[in-house]
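This is the structure I have questions about; it appears just below.
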Amino acid sequence: MRLFEYEAKEIFRRFDIPVPNGAIASSPDEVNLAVGKVGLPVAIKAQVLVGGRGKAGGIKSADSLEEAVERVEELMSKKIRGHVVRRVLIEEKLDVKHEYYLGVTIDQLSGKPVVMFSTEGGVDIETIVEKKPESLASKKVSVSRGLFQFEARDICQQLGLHGSLLLKASNILHSLYNVFNQYDAMIAEINPLIVTKEDKIYAVGAVLEIDDNALFRHRGIKLNLSERVEDEIKREAIQQGLSYVKLDGDIGVIGSGAGLAMTTIDLIKDFGGKPANFLETGGGITEQLMEGAVELVLKDRRLRALVINLYGGINPMPAAAKGIVKAYEKLRPKIPILVKVIGNQQEEAWGMLESAGIPVVKEIQTEVAVRKLMNILGE
Amino acid sequence: MCILVNEKTQIIVQGITGGVGSIQTKLMLDYGSKIVAGVTPGKGGTPVHGVPVYDTVKATVSEHPAEASILFIPASFIKDAAVEAIDSDIKFLVIITEHIPVHDTAYIREQAEAVGARAIGPTTPGIICPGKTKIGIMPASVFMEGDVGIISRSGTLLYEIAGNLTLAGIGQSACVGIGADPVVGTDMIDILRLFEEDEHTKLVAIVGEIGGVEEEEAAKFIGKMTKPVVAYIAGRVAPPGERMGHAGAIILRGRGTAQSKIDILRRAGVKIANRPSDVVSLVKTCL
């Protein structure tokens, strides 16, 4: 789960990471209060959960209260990369002398967290690091040992930091690792960390994404799915424990595993069709989950057909079939539906689907199912 | 033969009394897997399908020495259960559980590596050596004994590819699901090494998918392999995900897409299947 910048900064502040003086606002009254608290001039930052916000015009500044109100209205009336702006973060505007980059994420290959520090912070950090690899220092961290402060100092010193800046920056890097660790983060990032002309240091950009699978031990964090997920179908999918991605076609896809659903999509495209979505149930199929999945995908008005592709290894297929039949009889969809079921008690599942009048594919190959569907659609 | 395990491997089941654990224990016993005992804290003394059940792994292994454990444990308890197995000197763990926090998987991997144990998964269907043993949840009917080794990141796609091969009369030496979580216990390259050394495996089929850099890393080893490798990569149509922050991009450097995997594997000499059924024709031309 991604946190908004202002939420991430709340947490950073609690870990003694200095963040600019700021306040959130979504109305002129709140802008007034925020500017009063922060002082002019201000930076105004749209709170959206998408990267590339600055380049998309999501960050403004203002020298007067009137201008601030105007800029906020402007930001809130538009979408940033398809994301509605529900509130802005108003912060003191700082004079930047230098920008640094700090990040912690999981290195998938070693399975260890990796702590990164760069002297070339800013929006183009990844291209700069590509061109100037010497501007980045990083270290893989043992999860059972954690990151020591001296290790953070080593990292910063590698890039030439010294004196009080070395201490301040490495303390922040150390704190950032602690945030990452304690919040089960997938990524914790400060970009940029700025040094002002007065040699003060602030985390100006903040990113924190928490592992969805670890939310059970972070109950203090408000889910607020309606604010975090724009697409309504996707939001419902998350609530039901399904993984859903909207695509731009018209053939609905449900698969009992991510790989199988991906292959189904690839094959639809290969055979000249256009997939409308990716939906994966995972290994916990129940009658209710399947019913919910079918209902959810059928909510998409663009659909011309639906293909359901299930392998029962751990998943009981009769329960899946029951769920499909239930949704089918409730909604009576006018579009063709095709179900491929293989594995765990397949015969029983086939019988249930066939007696409900739902066409079943009994072959192992997904290609057979997709080809049949394309034939039905006359393509 | 087989890699990692064989027909003699003695297995314990952690979480044996749960709904899934109990059914899958029965299916593994039916297949001939040597399940010697089960563990469920608080349920010791109640046998499941004739398998004795204990409260702790330590008590289990003192009565029934075992090399492997398969875990049907809820995600929130998996770290505890996996470390319990590692501490009791179990050297091979099959972690079926889905939705495990990445930090927990990282911890388990580190603990296993420290003592020379190996975990496969999480989110794996497990491992099957057709005709010999299965430590996993895969439907046995789609596999048959033979000499193709399969490594898959996806469970369901493993069944699809193995099923396609079996239908064509091509059997498998071993099929290993390594899982597709951001962190996994065992990497693709580790399994490739084992297949390269296994005298009964003639060819390796890789079933990959978008995300991560497993396939890209595997390509480095494939260049040195003597055995032919074919690959099918799912997710060519997947749109790039919305991204926050830069850390992922700095590490990945353009890798992780289906196309990047296909290109890198092809350069390493791997034959690429465009569709699952192409795996069959490619295997036929190589064998």
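Can you tell me which residues in the stretch B:108-122 are more than 18 Å from B:L4 (Cα to Cα) and surrounded by 23 or more Cβ atoms within 10 Å (Cβ to Cβ)?
The one that is more than 18 Å from B:L4 (Cα to Cα) and surrounded by 23 or more Cβ atoms within 10 Å (Cβ to Cβ): B:I108.
Of all residues in the stretch B:144-155 being among the small types (G, A, S) and within 12 Å of another protein chain (Cβ to nearest Cβ), which is farthest from A:M262 (Cα to Cα)?
Taking the candidates together, the pick is B:S152.
Under 25 Å from A:N315 (Cα atoms) and out of contact with any Asp or Glu (no Cβ under 7 Å at 6 or more places or on another chain): does that describe B:G45?
Considered against the rule, which asks whether it is under 25 Å from A:N315 (Cα atoms) and out of contact with any Asp or Glu (no Cβ under 7 Å at 6 or more places or on another chain), B:G45 comes out as no.
Within the group B:S173, B:S141, which residue is closer than 24 Å to B:I11 by Cα, more than 14 Å from chain A (Cβ to nearest Cβ), not aliphatic (A, V, I, L, M) and not in a loop (DSSP other than H, G, I, E, B)?
On the way: B:S141 fails: more than 14 Å from chain A (Cβ to nearest Cβ).
Of the residues listed, the single one that is closer than 24 Å to B:I11 by Cα, more than 14 Å from chain A (Cβ to nearest Cβ), not aliphatic (A, V, I, L, M) and not in a loop (DSSP other than H, G, I, E, B) is B:S173.
Can you list residue pairs whose Cβ atoms sit under 6 Å apart, with the first residue in the stretch A:136-162 being crowded, with 18+ Cβ neighbours inside 10 Å and the second being small (G, A, S)? Count only pairs 6 or more apart in sequence or on different chains.
A:L136/A:S118; A:V143/B:A106; A:A152/A:S170; A:R153/A:S170; A:I155/A:A137; A:C156/A:A169; A:C156/A:S170; A:L161/A:A169
While we're on this one: Can you tell me which residues in the stretch B:20-30 are touching a strand residue (DSSP E or B) at 6+ places or on another chain (Cβ under 7 Å) and surrounded by fewer than 18 Cβ atoms within 10 Å (Cβ to Cβ)? Steps first, please.
To start, the set of residues in the stretch B:20-30 that are touching a strand residue (DSSP E or B) at 6+ places or on another chain (Cβ under 7 Å) comprises B:21-22, B:25, B:28-29.
B:L29, the sole residue that qualifies.
Right, next: Of all residues in the stretch B:50-90, count the ones that are surrounded by fewer than 16 Cβ atoms within 10 Å (Cβ to Cβ) and over 20 Å from A:A214 (Cβ atoms).
Total satisfying the criteria: 10.
Also: Of the residues B:V148, B:V176, only one is of a type outside the set (S, T, Y) and more than 24 Å from B:Y107 (Cβ to Cβ); which? I'd like the intermediate steps shown before the answer.
Numbers: B:V176 fails: more than 24 Å from B:Y107 (Cβ to Cβ).
B:V148 is the lone residue from the list that is of a type outside the set (S, T, Y) and more than 24 Å from B:Y107 (Cβ to Cβ).
A follow-up question, please. What number of residues in the stretch B:51-82 are in a helix (DSSP H, G or I) and touching a helix residue (DSSP H, G or I) at 6+ places or on another chain (Cβ under 7 Å)?
6
Checking the structure you have, find out if any residue of the stretch A:32-45 is under 28 Å from A:I238 (Cβ atoms) and either buried (at least 19 other Cβ atoms within 10 Å of the Cβ) or of a type in the set (A, V, I, L, M, F, W, C) (or both).
yes
Let me ask something else about it. Testing A:E363 on (1) among the acidic types (D, E); (2) modelled with pLDDT of 95 or more; (3) within 23 Å of B:I137 (Cβ to Cβ), one condition comes back false. Which one is that?
Failed condition: (2).
Can you spot a residue in the stretch B:92-100 that is surrounded by fewer than 24 Cβ atoms within 10 Å (Cβ to Cβ), out of contact with any Gly (no Cβ under 9 Å at 6 or more places or on another chain) and assigned by TED's automatic domain parsing to the domain that holds B:I73?
Yes, there is a match, as at least one residue in the stretch B:92-100 is surrounded by fewer than 24 Cβ atoms within 10 Å (Cβ to Cβ), out of contact with any Gly (no Cβ under 9 Å at 6 or more places or on another chain) and assigned by TED's automatic domain parsing to the domain that holds B:I73.
Please go through the stretch B:83-104 and pick out each residue that is within 7 Å of chain A (Cβ to nearest Cβ) and in a helix (DSSP H, G or I).
Those that are within 7 Å of chain A (Cβ to nearest Cβ) and in a helix (DSSP H, G or I): B:V102, B:H103.
Just to be sure before I move on: is A:Q365 in the same structural domain as A:Y244 (by TED's automatic domain parsing) and closer than 24 Å to B:R275 by Cβ in the structure I sent?
Working: in the same structural domain as A:Y244 (by TED's automatic domain parsing): yes; closer than 24 Å to B:R275 by Cβ: yes.
Yes: the conditions hold for A:Q365.
Since B:T105 meets every condition but one in (1) surrounded by 21 or more Cβ atoms within 10 Å (Cβ to Cβ); (2) over 30 Å from A:N178 (Cβ atoms), which condition does it not meet?
Result: B:T105 passes all but (2).
Rundown of residues vs (1) in contact with a helix residue (DSSP H, G or I) (Cβ under 7 Å, 6 or more places away or on another chain); (2) away from every other protein chain (no Cβ under 13 Å); (3) on the phi > 0 side of the Ramachandran plot, yes/no style:
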{"site": "A:L166", "(1), (2), (3)": "yes, yes, no"}
{"site": "A:A169", "(1), (2), (3)": "yes, yes, no"}
{"site": "A:V179", "(1), (2), (3)": "yes, no, no"}
{"site": "A:I194", "(1), (2), (3)": "no, yes, no"}
{"site": "A:E198", "(1), (2), (3)": "no, yes, no"}
{"site": "A:G205", "(1), (2), (3)": "no, no, no"}
{"site": "A:I210", "(1), (2), (3)": "no, no, no"}
{"site": "A:N213", "(1), (2), (3)": "yes, no, no"}
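Of all residues in the stretch B:1-29, count the ones that are assigned to a helix (DSSP H, G or I), in contact (Cβ under 8 Å) with a residue 12 or more places away in the chain and not aliphatic (A, V, I, L, M).
5
In addition: Taking the conditions exactly as written (over 30 Å from A:L89 (Cα atoms), in contact (Cβ under 8 Å) with a residue 60 or more places away in the chain and in the same structural domain as A:K269 (by TED's automatic domain parsing)), does A:S243 satisfy them or not? Show your work before the answer.
Details: over 30 Å from A:L89 (Cα atoms): yes; in contact (Cβ under 8 Å) with a residue 60 or more places away in the chain: no; in the same structural domain as A:K269 (by TED's automatic domain parsing): yes.
Here the answer is no, as A:S243 does not meet what is asked.
Output the qualifying pairs, or none if there are none: Cβ atoms under 6 angstrom, residues six or more apart or on different chains, first residue in the stretch A:104-115 and facing chain B (nearest Cβ under 7 Å) and surrounded by 19 or more Cβ atoms within 10 Å (Cβ to Cβ), second residue assigned to a loop (DSSP other than H, G, I, E, B) and of a type outside the set (V, I, T).
Listed pairs, sorted by first residue: A:I106/B:P182; A:Q108/B:P182; A:Q108/B:G212.
Moving on to the next point. Can you tell me which residues in the stretch A:226-239 are of a type outside the set (D, E, K, R) and surrounded by 15 or more Cβ atoms within 10 Å (Cβ to Cβ)?
Of everything in the stretch A:226-239, those that are of a type outside the set (D, E, K, R) and surrounded by 15 or more Cβ atoms within 10 Å (Cβ to Cβ) turn out to be A:V229, A:I233, A:A237, A:I238.
So, restricting to strands (runs of 3 or more DSSP E) that lie completely within the stretch B:178-287, which ones have at least 3 residues that are at the interface with chain A (Cβ under 10 Å from one of its Cβ atoms) and closer than 30 Å to A:V368 by Cα?
Result: B:203-209, B:229-234.
So how many residues does the stretch A:315-351 have that are of a type in the set (S, T, N, Q) and surrounded by fewer than 20 Cβ atoms within 10 Å (Cβ to Cβ)?
So the first thing to find is which residues in the stretch A:315-351 are of a type in the set (S, T, N, Q), and the list is A:315, A:344-346.
Keeping just the survivors that are surrounded by fewer than 20 Cβ atoms within 10 Å (Cβ to Cβ) gives A:345.
Number of matching residues: 1.
Could you run through the stretch A:242-274 and say how many residues are surrounded by fewer than 24 Cβ atoms within 10 Å (Cβ to Cβ) and in a strand (DSSP E or B)?
4
Follow-up. Give the residue that is nearest to A:P359 (Cα to Cα), with candidates limited to residues of the stretch A:321-345 that are within 13 Å of chain B (Cβ to nearest Cβ) and either among the aliphatic types (A, V, I, L, M) or in a strand (DSSP E or B) (or both).
The residue in question is A:K340.
The values are calculated or read from the model by the stated rules, or taken from the named source; none is laboratory data. Keep in mind that what you see is a predicted model, and the values were worked out from it rather than measured. No Cβ is skipped: glycine too gets one built from the backbone with ideal geometry, and neighbour counts run over all protein chains shown.
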